[in-house]
Each structure stands twice: as C-alpha cells, then as structure tokens.
Amino acid sequence: MRKQIAAANWKMNLTLQKGEELLNEIIALPHSLNEDQQAIFAVPFPYLAMAHQKMGGYKNVFIAAQNCYNKKSGAYTGETSVEMLQSIGIKFVVLGHSERREYFNESNQFLAEKVNICLENSITPIFCCGEALSVREANSQNEFVTKQLEESLFHLSAEQIQKVVIAYEPIWAIGTGKTATSEQAQEIHAFIRSQFAAKYGAAVAENISVLYGGSVKASNAKELFSQPDVDGGLVGGASLIAAEFVAIINALK
Ligand code: PGA
C-alpha cells in the first residue's frame, strides 16, 4: 500500500539554531503517524546531521536532502554525493524542484542521472514535476508533466519506479498563496497515476505516492489530502511554522 506523506521543504531558510528550535516545537506538539504515514523533513545540507540525530529515532520520520549530484565522487567542488548522504543516514532526496530547474538549469536528462544514482544507493528520490502558469493557461499541463516523467523516470524498471515518490507542484501555486483546488489536484494526480499505469500496469501505479505541493497549509491540507490520488504534500512556507506543519501531518489520511 502506498504511503501517505507530509514532507517539509525548508528551502534556504532558518539557521541551525532556528531549525533545531522548530524541530523541538514539532516534537512537542501532539501528532501521530500510523503504519502507512510518514513525515519527512528536507532541510539544508548543513543541518542534515543535526536533524537526523534529533528525528531519526522516531518511527516513520525521515530526513531528506534537498539535492544531490549525479556523480559518485571526485573533483566537483561544492557538490554533495549520495554516498555522503548515505554515510550520515539520509534516505531521501528531493530532486527536480522547480526552483532548481529554473535557477540551476536542471534538465530532465540530468535529473534522470540523479534519480539513477539515488536508486543505486538505496536513496528514495522525491521527484518534483509541475507546470508554469503559461502552460496551465494553454491547458497543456498533461503533456508537459508527461514529458518530465518520460524523460526522467520512464527508463526505470517496475521495481525501481515503486521506490520513487512523486511530488506534483504547479509552479503557479508555489509560494504564491494560490493553491490548486482539490479538484484540479485530483484531476492531474489521477492523470499522473494513469501514466504510470499505462507504462507499468495498474498494480505498480497504485503503489506510487503522489504528493501535492504549492501553498499547502493547515487550512487546506485536509481537503487536498482527502482526494483519492493525493497522497500527502510537499510543503514549503507552512513547514516553517510548527503548528502549521503538525496540523498538516495530522491531516494525512
Ligand atoms: P510552498 O512551497 O508550500 O511555499 O508553496 C512548496 C514547495 O516549493 O515545495
């Protein structure tokens, strides 16, 4: 059965001290995760060890890196390998966030290589996809997202694809306060799952978690997550406020 996941994406925010405070506040607030639910915190690289140490002991709670490099090791100044992440206990990496695609020119092909190296090292990619406003206005979101999935993921085997978490994040909803309606989210999540079903079969598609991202907050999480093909959220702004993120965890189905 696929997991329901609340994933926090801190992006380039907070200091080590503020991050630690936030995690302490989250631990102190009442929340529960059942067998099929996970909470994941994608924190900046310098805080990974601290966050893993603090949260690693809790059941179904994981720490994620926000990026990794596509090479095993070597002369790549400033980059971080999956082996390095492995060595400090990290099991998840966010890949292909629209901010990385836009500001760091990450292409579908480059992301395919990152997906591969993660899977080779037993790290779960949280693979982001999603269209810009102009694409949505032209009603081409399905074709756009299909191309992202095809070029970065469809070379994987049926066994491998079930180890990938998908995060659908319409760029027009990220950090804008403008959330997709639950109907819009359900429609494209069902479409994404149908693409996996067409390629890998329905049983495989049913096992893949598809998260929604883009202005998820405590007030809209329950409604979004209640949709049959929305398996939780990737949360930016609201994940920086303990009470908000805990309410989002508690909104998982
Ligand atoms: P947001 O960001 O929740 O602040 O819109 C989501 C994301 O970029 O992952």
TODO: Keeping to segment 109-125, report how many residues are among the acidic types (D, E) and closer than 14 Å to F154 by Cα.
DONE: 1
TODO: Within segment 1-11, track down each residue that is assigned to a loop (DSSP other than H, G, I, E, B) and touching an Asp or Glu at 6+ places or on another chain (Cβ under 9 Å).
DONE: M1, R2, K3, K11
Task: Count of residues meeting criterion [within 16 Å of the ligand (Cβ to nearest atom) and either open to solvent by 40 Å² or more (accessible area, probe 1.4 Å) or free of Cβ contacts under 8 Å to residues at least 40 places away in the same chain (or both)] in segment 1-19 - done: 4
Task: Candidates G214, G201 - the one that is at positive phi and touching a Pro at 6+ places or on another chain (Cβ under 9 Å) - done: G214
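This table checks each residue for (1) in contact with a His (Cβ under 9 Å, 6 or more places away or on another chain); (2) within 16 Å of the ligand (Cβ to nearest atom); (3) in contact (Cβ under 8 Å) with a residue 24 or more places away in the chain.
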| site | (1), (2), (3) |
| --- | --- |
| N60 | no, no, yes |
| N70 | no, no, yes |
| G74 | no, no, no |
| V82 | no, no, yes |
| L85 | no, no, yes |
| G89 | yes, no, yes |
| F92 | no, yes, yes |
| G96 | no, yes, yes |
| E99 | no, yes, yes |
Task: Pair list, Cβ under 8 Å, 6 or more apart: segment 174-193 residue over 23 Å from V164 (Cα atoms), other residue among the aromatic types (F, W, Y) and open to solvent by 40 Å² or more (accessible area, probe 1.4 Å) - done: none
TODO: Could you check how many residues of segment 137-159 are assigned to a helix (DSSP H, G or I), over 21 Å from K71 (Cβ atoms) and more than 16 Å from the chain's Cα centre (by Cα)?
DONE: 10
Open item on the list: Take F154 and tell me if it is within 16 Å of the ligand (Cβ to nearest atom), surrounded by fewer than 17 Cβ atoms within 10 Å (Cβ to Cβ) and at pLDDT 95 or above.
Closed with: no
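The values are calculated or read from the model by the stated rules, or taken from the named source; none is laboratory data. No experiment lies behind these values; they were computed from the predicted model shown. Every residue, glycine as well, gets a Cβ built from its backbone with ideal geometry; the counts of neighbours run over all protein chains shown. Side chains included, ligands, DNA and RNA excluded: accessible areas come from the protein's heavy atoms. Shrake-Rupley method; radii C 1.70, N 1.55, O 1.52, S 1.80 Å.
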